[in-house]
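Worksheet: one structure, shown below.
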Amino acid sequence: MVQIDDVIVSFDIFKEKFYCDINACKGECCIEGDAGAPLESKEVELLEKVLPAIWDDLSDEAKDIINKQGVCYKDVDGDLVTSIVNGKDCVFTCYDDKGYCLCAIEKAYRNGKTNFYKPISCHLYPIRVGKYGPYKALNYHRWNVCKAAVLLGEKKNTPIYKFLKEPLIRSFGEEWYTELEIAAKELEGKI
């Protein structure tokens, strides 16, 4: 593991390859799983604020869940997660004309309808942020749904930390990411 400030980074973040391949998975990560996406408490208000910009893209079932339960709930571990439809689909999913599952929030962001990209846990995936005593811990979450992303990452030779540069900077800042790159070079024996 590597420590940068108050963040401990698993070696897997440096050595494992990953590059999302939506053409292969069709957005399955927003559909499968046993709970919604992890949320930071400050994101709940942001999700509620973005609803008018995405409402028309959501399914009727998702709208019903949001009206009854809200944008999130506490899972079995007591953590805040996005609400889900029928025990699987995130309420913020929408589908394109090819049947690919997309994030309605990200779609609105890309179309200039909101300045909120999407929950950070979604943006950082396949990195999951946990706690390790007083530190944050960044770990690689392996999931069969992402087999195609691993294969494409290997083909493009893209380590997880490079694929997730934008969300890592969003989470921890430019200076922190620069330190991460230095650590990666040291691990590769280039410094």
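Here, each number is a calculation from the coordinates, and none is a lab measurement. Note that the structure is a prediction, hence the values are computed from the model and not measured. Don't worry about glycine lacking a Cβ; one is built from the backbone with ideal geometry, like all the others, and counts go over all protein chains shown.
For the reader, a short list of remarks on this structure follows.
- Entry note, segment 1-102: relative contact order of 32 percent, from Cα contacts under 8 Å with a spacing of 6+ residues.
- Charge tally in the Cβ shell below 14 Å around GLU175, where Lys, Arg are +1 and Asp, Glu are -1, GLU175 excluded: -3
- Under the convention that each Lys and Arg Cβ holds +1 and each Asp and Glu Cβ holds -1, the size of the dipole of the chain around its Cα centre is about 420 debye.
- The GluC sites (Glu not before Pro) of segment 10-104 that meet both conditions, a loop assignment by DSSP and at most 16 other Cβ atoms within 10 Å of the site Cβ, are GLU32, GLU40.
- For the pair LYS165 and ASN23, label points projected 7 Å from Cα toward Cβ lie 2.2 nm apart.
- Of the DSSP H helices in the chain, those whose Cα atoms cover at least 18 Å axially and whose Kyte score averages -1.0 or more: 41-54, 174-187
- C-alpha center-to-center spacing [segment 123-160, segment 18-85] in angstrom: 19
- A cut-off of 5 Å between modelled amide H atoms, ignoring neighbours fewer than 5 places along the same chain, links ILE8 with LYS136, ALA137, LEU138.
- Its relative contact order, with pairs defined as Cα atoms under 8 Å and 6+ residues apart, puts the chain at 33 percent.
- Per-residue extension of 0.36 nm, minus the Cα-Cα distance of LEU151 and GLU175, leaves a gain of 5.6 nm for this segment.
- Burial order of peptide ranges 143-152, 68-77 (average beta-carbon count within 10 Å, highest first): 143-152, 68-77
- Largest mean-square fluctuation among LYS17, LYS155, LYS118, in a Gaussian network model of the chain whose springs join Cα atoms under 10 Å apart, belongs to LYS155.
- Cα gyration tensor shape of segment 38-127, rounded if a/c is under 1.5, else prolate or oblate by comparing a/b with b/c: rounded
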